[in-house]
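Chemist: Please see the structure below; I have some questions.
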Amino acid sequence: MGHADAERHVTGEKYAEYVYGTIGVMVAVAGLNAGAHDVRATNAVVVVLIGALATWFAHAFSHLVGERVKRQGPVPRERIVAAFATSWMIVVAAVPATVVMVLSGLGLWSVSTGLSLANGTAVVSLAVVGVLVGRVSV
Amino acid sequence: MTLWSRVRYVVILTVIGTAIVALEAGAHRL
């Protein structure tokens with residue numbers, strides 16, 4: 001794989017992880033919305049952020065487990081670092097919802113509105129990824 | 001590059017996002 005190919009591969013993985021993370025956020029928001037009347041903004045921030053961090057770790061680690069079997073040997077340190085770095089986009093994807101819920105905690109809007117806005121930012125994020133991916137497709 | 005190849009990912013990802021929100025809204029009414 002040439003340098004440009006390798007770079008495209010990483011970029012593709014990052015988009016994939018961002019989509020994955022965004023859908024993860026939407027699942028968390030759906031769960032929070034189910035009990036919106038008793039959910040506080042801080043609960044929502046914790047669920048979204050901890051959920052994203054846990055998914056990041058789980059996703060990178062599961063990738064490395066698979067790689068270990070495929071290689072039939074230890075995974076080099078740079079591959080481990082790369083797996084965690086690429087999957088970091090899962091955490092990045094949780095930033096819009098986190099910001100929206102922090103603002104809800106600061107009283108800018110209600111928790112229920114915040115959760116709707118979190119869903120809105122997620123749908124917009126997915127659309128933006130779609131635009132970026134569409135630009136590179138042939 | 002056709003228009004569809006440019007817009008299909010926007011359409012697909014937006015539909016997925018909107019479907020999740022719609023399912024959520026539906027579940028909320030139950």
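The values are calculated or read from the model by the stated rules, or taken from the named source; none is laboratory data. Everything quoted here is computed from the prediction, not taken from an experiment. Don't worry about glycine lacking a Cβ; one is built from the backbone with ideal geometry, like all the others, and counts go over all protein chains shown.
Chemist: Report, by residue number, each residue of the stretch A:96-112 that is surrounded by 14 or more Cβ atoms within 10 Å (Cβ to Cβ) and without any contact (Cβ under 8 Å) to a residue 24 or more places away in the chain.
Modeler: A:Val99, A:Val100, A:Leu103, A:Trp109
Chemist: What tally of residues in the stretch A:1-49 results from selecting those that are away from every other protein chain (no Cβ under 14 Å), farther than 20 Å from A:Thr98 by Cβ and under 13 Å from the mean Cα position of the chain (by Cα)?
Modeler: Residues meeting the conditions: 1.
Chemist: Only one of (1) free of Cβ contacts under 8 Å to residues at least 24 places away in the same chain; (2) facing another protein chain (nearest Cβ under 9 Å); (3) crowded, with 17+ Cβ neighbours inside 10 Å is not met by A:Ser125, so which one is it?
Modeler: Just one mismatch for A:Ser125, condition (1).
Chemist: Name the residues in the stretch A:38-76 that are assigned to a loop (DSSP other than H, G, I, E, B), touching a residue at least 24 places away in the same chain (Cβ under 8 Å) and not hydrophobic (A, V, I, L, M, F, W, C), would you?
Modeler: Answer for the stretch A:38-76, where residues must be assigned to a loop (DSSP other than H, G, I, E, B), touching a residue at least 24 places away in the same chain (Cβ under 8 Å) and not hydrophobic (A, V, I, L, M, F, W, C): just A:Arg40.
Chemist: In the stretch A:36-48, is there at least one residue being within 30 Å of B:His28 (Cα to Cα) and among the hydroxyl-bearing types (Ser, Thr, Tyr)?
Modeler: yes
Chemist: Is the stretch A:80-95 home to any residue that is buried (at least 20 other Cβ atoms within 10 Å of the Cβ) and within 22 Å of B:Leu23 (Cα to Cα)?
Modeler: Yes, the conditions are met somewhere in the stretch A:80-95.
Chemist: Then there is this: Taking the stretch A:26-41 only, how many residues are modelled with pLDDT of 90 or more, surrounded by fewer than 19 Cβ atoms within 10 Å (Cβ to Cβ) and either touching a helix residue (DSSP H, G or I) at 6+ places or on another chain (Cβ under 6 Å) or of a type in the set (Asp, Glu) (or both)?
Modeler: Going through the stretch A:26-41 one residue at a time, the tally reaches 1.
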